[in-house]
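J.: Got a structure for you, questions after.
The values are calculated or read from the model by the stated rules, or taken from the named source; none is laboratory data. Quick caveat, the model's predicted, so the values are computed rather than measured. Cβ: placed from backbone, ideal geometry, glycine included. Neighbour counts: every protein chain shown.
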Amino acid sequence: MVGSLCLLVACATASPESTAQMAVSAAALNHAISAGSPEFAPAETTSARDKLARARVAMEARDHEPAMKLAKEAQVDALLAESITHAAKAQKAADELREGRRVLREEIDRTSK
């Protein structure tokens, strides 16, 4: 809530493009976190958080060019974190399916002897 309020205050004097990028970057980070990125992609999640925080500070200082750059980088880091998270979850599901198939084969082999 406080972060959103700071974002609104920082963006009040910014260009519409800057404001939009900050919102998109924050949404990307929130989406990645909701997907589980702190567990599966902690470095990328931390990087996105850090860059977004630095972008907010730059926006508050009306230093819009660095703010835009950092916000875009934060968005990319957040998207990467989310992708890594989805890949890790997919790998985990595939591993569980393989294990289930292996156990089922063992059971079939055991009962058919």
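J.: Which of (1) at pLDDT 95 or above; (2) crowded, with 18+ Cβ neighbours inside 10 Å does Leu7 not meet, given it meets every other one?
T.: (1)
J.: Which of the following residues is in contact with a Lys or Arg (Cβ under 7 Å, 6 or more places away or on another chain) and either among the β-branched types (Val, Ile, Thr) or under 30 Å from Ser15 (Cα atoms) (or both): Leu79, Leu70?
T.: Only one candidate qualifies: Leu70.
J.: Still on this structure, I have one more. Could you tell me which residue of region 14-60 is surrounded by the most Cβ atoms within 10 Å (Cβ to Cβ), considering only residues that are among the β-branched types (Val, Ile, Thr) and over 13 Å from Lys72 (Cβ atoms)?
T.: Of everything passing the filter in region 14-60, Thr45 is surrounded by the most Cβ atoms within 10 Å (Cβ to Cβ).
J.: Which of the helices (runs of 4 or more DSSP H) found entirely inside region 18-113 contain at least 3 residues meeting this: free of Cβ contacts under 8 Å to residues at least 12 places away in the same chain and within 21 Å of the chain's Cα centre (by Cα)?
T.: 42-60, 64-111
J.: Quick check, is Glu99 exposed (fewer than 14 other Cβ atoms within 10 Å of the Cβ) and not hydrophobic (A, V, I, L, M, F, W, C)?
T.: yes
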